[in-house]
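Everything on this sheet refers to the single structure shown next.
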Amino acid sequence: MPLVWPFSTKSTAQFERVDQGWDLRATSGAGVRAIAPGVVGLSAPNPGGFGNDYPYEVLDDPISGAPSDTIYYGHTHVDRSLIGKHVAAGQVIATTNITDPQNGSAASPGSLEIGFSTHATGYPVAHGEGPSAAGAFMKLVLINAPVNAPVALSPPKADTIAASLNRAGRLELFGIGAHGTPYHRWQLAAGLGWTDWTPMNGVVTSLAAVTMADGREELFAVGQHGTPYRRYQLGQGGWSDWVALNGVVSSLAAVVKADGRLELFAVGQHNIAYHRWQLTASGGWSDWTAFDGAATNVSAARNADGRLELFAVGTNGAPYHRWQVTPGGAWSDWSQFNGVVRDVSAIANADGRLELFAVGQHNTPYHRWQISAARGWSGWVAFDGAVSNLAAARNQDGHLEIFGVGGAGTPYHRWRISGTGEWSDWNAFNGVLEN
């Protein structure tokens, strides 16, 4: 994994001794940069040593061969607004001493000791003074790191796959094929077998699907030039024509509110997240309303108590969520999950707990879930395989099914096996989708 030099400038004059970590020196009050993407924590106090407010960082991807996945930045002073937050490589997370001592740090101005820490404590894996193998290893992997060159995140992908449950209780899968043509296929019976792909008219770049309160499906798409469109199943079968909505967007997500009205979320120009909602069930729409913050991808789901929850990928690759404080009411601020992702898809389990699926680094699919309905979350758990997009839906009997697009454009799906909690293997569909 490429690393970043922890200061904004670099010279051999900054290199000092190796002991528990590697001692470096910059100017007093210099910004200290994260050497790789990770989550910042506040170390346990170490008065007279590293100090009382120096940070550690749990890396997203451990350094190959390293004794720990956690880095300490000793003798520095953490930016407390970043504690518990995900940071990108090269992002300033702390500053060096301006005076000696400063808040418990017994080091001359400009000092930094960087090394490997026991997980989430900030204490070095090597104990005592003098050279250590852990300190030597840190110097080895960091000495050639470039200045202020953040690790590149994979670019966000359009949502080229979507799924929902139709009125007959069968899942329906939507995907974007060659030349932007949208296709769909559906289960022959609830939980059993699938039709072949059937093309729909139009040229689109992103998809979102939702099941309305009356059981009909509604499909949203981003057309050419970023125009959002919608179409819906007709009461007698078949689909309406595409209907354009105003605005310019790049990602869409839709959810049914507790009163049956749809709410639509989108990423607009300048990565601004927006939403709009039906004024009455199956009726007209409000105008777009902006959220604060910046996003590249969105998904949404409804909590068991009726409150909507919005999930987003930030421009730094970090996953975020916010939720209605009361059903239909005001929204919380954004709250950050750990990790780096590029695509998210959320769905409610049959028991009301939300589950979030994401594509992480190296196209690894992950998921996490609420511990209980509307309360607390598990950590990320990886699936095997590699996909560039994910979509999640719930079968008629309540078990979840996820869909992904593989590296060659092959669509796949896997499902939670009813009664066991285990997941099937990935199963391929025929056809090639945009990825």
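The values are calculated or read from the model by the stated rules, or taken from the named source; none is laboratory data. Since this is a predicted model, take the numbers as computed values, not measurements. Reconstructed Cβ throughout: ideal geometry from the backbone, glycine too, with neighbour counts over all protein chains shown. Just so you know, the surface numbers come from the protein's heavy atoms only, side chains and all, with ligands and any DNA or RNA stripped out. Shrake-Rupley method; radii C 1.70, N 1.55, O 1.52, S 1.80 Å.
Structural remarks
- Note on region 57-88: among residues that are part of a strand (DSSP E or B) and over 18 Å from R25 (Cα atoms), the one that is nearest to the chain's Cα centre (by Cα) is H86.
- Restricting attention to region 243-254, the residues being outside any loop (DSSP other than H, G, I, E, B) and modelled with pLDDT under 95 number 3.
- Filtered residue count, region 310-351, keeping only those that are loosely packed, with under 15 Cβ neighbours inside 10 Å, more than 23 Å from Q91 (Cα to Cα) and of a type in the set (S, T, N, Q): 2
- Tabulated pairs, region 330-344, first in contact (Cβ under 8 Å) with a residue 40 or more places away in the chain and of a type in the set (D, E), second open to solvent by less than 20 Å² (accessible area, probe 1.4 Å) and assigned to a loop (DSSP other than H, G, I, E, B), C-beta under 9 angstrom, 6+ apart or interchain: D343/D159; D343/V387; D343/S388
- Filter result for D53 (closer than 25 Å to T27 by Cα, of a type in the set (D, E), touching a strand residue (DSSP E or B) at 6+ places or on another chain (Cβ under 6 Å) and open to solvent by 10 Å² or more (accessible area, probe 1.4 Å)): yes
- When region 56-89 is filtered for residues that are within 21 Å of V125 (Cα to Cα), touching a residue at least 60 places away in the same chain (Cβ under 8 Å) and open to solvent by less than 10 Å² (accessible area, probe 1.4 Å), only Y73 remains.
- Matching residues, region 243-260, being in contact with a Gly (Cβ under 8 Å, 6 or more places away or on another chain) and open to solvent by 50 Å² or more (accessible area, probe 1.4 Å): A244, V248, S250, A258, D259
- Residue list for region 351-376, filter: in contact with a Leu (Cβ under 6 Å, 6 or more places away or on another chain) and over 17 Å from V313 (Cβ atoms): Q370
- Each residue in region 216-242 was checked for being open to solvent by 10 Å² or more (accessible area, probe 1.4 Å), of a type outside the set (D, E, K, R) and in a strand (DSSP E or B), and 4 of them qualify.
- In region 168-190, residue modelled with the highest pLDDT [restricted to those that are part of a loop (DSSP other than H, G, I, E, B) and under 21 Å from N395 (Cα atoms)]: R170
- Applying a threshold of 9 Å to beta carbon distances and a minimum spacing of six or more residues, or different chains, the list of pairs starting in region 236-256 at a residue that is of a type in the set (S, T, Y) and ending at one that is part of a strand (DSSP E or B) and open to solvent by 40 Å² or more (accessible area, probe 1.4 Å) reads S240/Y232; S250/T205.
- Pair list, Cβ under 7 Å, 6 or more apart: region 408-435 residue within 24 Å of V381 (Cβ to Cβ) and touching a residue at least 24 places away in the same chain (Cβ under 8 Å), other residue surrounded by 17 or more Cβ atoms within 10 Å (Cβ to Cβ) and among the β-branched types (V, I, T): P411/I161; P411/V405; Y412/V387; H413/I402; R414/I402; N435/T160; N435/V405
- Check on G193, open to solvent by less than 50 Å² (accessible area, probe 1.4 Å), at pLDDT below 95, in contact with a strand residue (DSSP E or B) (Cβ under 8 Å, 6 or more places away or on another chain) and part of a strand (DSSP E or B): yes
- Filter result for A126 (hydrophobic (A, V, I, L, M, F, W, C), at pLDDT below 90 and at negative phi): yes
- Cross-chain or 6+ apart pairs with Cβ under 6 Å, region 97-115 first and under 17 Å from L42 (Cβ atoms), then among the charged types (D, E, K, R) and not in a loop (DSSP other than H, G, I, E, B): E113/D23
- Residue in region 374-387 that is of a type outside the set (V, I, T) and touching a helix residue (DSSP H, G or I) at 6+ places or on another chain (Cβ under 9 Å) present: yes
- Here V204 clears all of (1) over 25 Å from the mean Cα position of the chain (by Cα); (2) over 21 Å from W277 (Cβ atoms) except the condition numbered (1).
- Just one residue in the set A258, A294, A244 is of a type in the set (G, A, S) and under 25 Å from P182 (Cα atoms); that residue is A244.
- Test: residue in region 378-386 that is closer than 25 Å to T160 by Cα, part of a strand (DSSP E or B) and of a type in the set (A, V, I, L, M, F, W, C): yes
- Residue count for region 387-435 satisfying the condition of being among the polar types (S, T, N, Q), farther than 19 Å from A301 by Cα and not in a strand (DSSP E or B): 7.
- Among the residues of region 266-291, those identified as open to solvent by less than 20 Å² (accessible area, probe 1.4 Å) and polar (S, T, N, Q) are Q278, S286.
- In region 292-309, of all residues being without any contact (Cβ under 8 Å) to a residue 60 or more places away in the chain and assigned to a strand (DSSP E or B), the one that is most open to solvent (accessible area, probe 1.4 Å) corresponds to R302.
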